[in-house]
Amino acid sequence: MEGTKSELYFVFMNYDPQYERLRADRTKGGANELDLYLSRKHDQLLARTLQPGSYKKTLSLVIVDGFSVEITEDQASVLRSAKEVRLVEKNQELA
């Protein structure tokens with residue numbers, strides 16, 4: 001079944017004023033706070049929308065509000081319907 005094989009996807013979030021405020025703080029403390037905020041935010045989205053243990057988040061991105069996660073196509077569809085999510089794209093290798 002196509003929907004059961006886990007692959008790497010990138011998830012990009014909708015506009016978040018808290019993210020923008022934290023990103024504007026160029027101090028070391030601000031960078032740490034941004035890292036923690038995004039990691040927690042992304043983890044909460046995954047926990048709220050997908051079954052525990054059915055996915056593996058590989059990283060949170062700071063330059064853009066997004067993350068990468070190993071999920072199935074069916075799970076990608078679920079994430080696409082979350083109101084906080086702007087875009088979910090499967091990783092593609094370039095030849």
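The values are calculated or read from the model by the stated rules, or taken from the named source; none is laboratory data. No experiment lies behind these values; they were computed from the predicted model shown. Every residue, glycine among them, receives a Cβ derived from its backbone with ideal geometry; neighbour counts consider all protein chains shown. All accessible areas refer to the heavy atoms of the entire protein, side chains included, with ligands and DNA or RNA removed. Shrake-Rupley method; radii C 1.70, N 1.55, O 1.52, S 1.80 Å.
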message = Would you confirm, using the coordinates I've provided, whether Lys90 is in contact with a strand residue (DSSP E or B) (Cβ under 7 Å, 6 or more places away or on another chain) and surrounded by fewer than 12 Cβ atoms within 10 Å (Cβ to Cβ)?
response = yes
Across the range 39-95, the tally of residues that are closer than 11 Å to Tyr9 by Cβ and part of a helix (DSSP H, G or I) stands at 6
Checked Ser77, Ser68 against criteria (open to solvent by less than 40 Å² (accessible area, probe 1.4 Å), at pLDDT 95 or above and not aromatic (Phe, Trp, Tyr)); the one match is Ser68
- Message: Any residue at all in the range 10-25 that's open to solvent by less than 60 Å² (accessible area, probe 1.4 Å), assigned to a helix (DSSP H, G or I) and of a type in the set (Val, Ile, Thr)?
- Response: no
Residue pairs within 7 Å by beta carbon, gap of at least six or interchain, first lying in the range 29-41 and in contact (Cβ under 8 Å) with a residue 24 or more places away in the chain and under 13 Å from Ser60 (Cα atoms), second in a helix (DSSP H, G or I) and among the basic types (Lys, Arg), listed first then second, are Leu34/Arg23
Scanning the range 16-57 for residues that are among the hydroxyl-bearing types (Ser, Thr, Tyr) and within 16 Å of Leu79 (Cα to Cα), the one farthest from the chain's Cα centre (by Cα) turns out to be Ser54
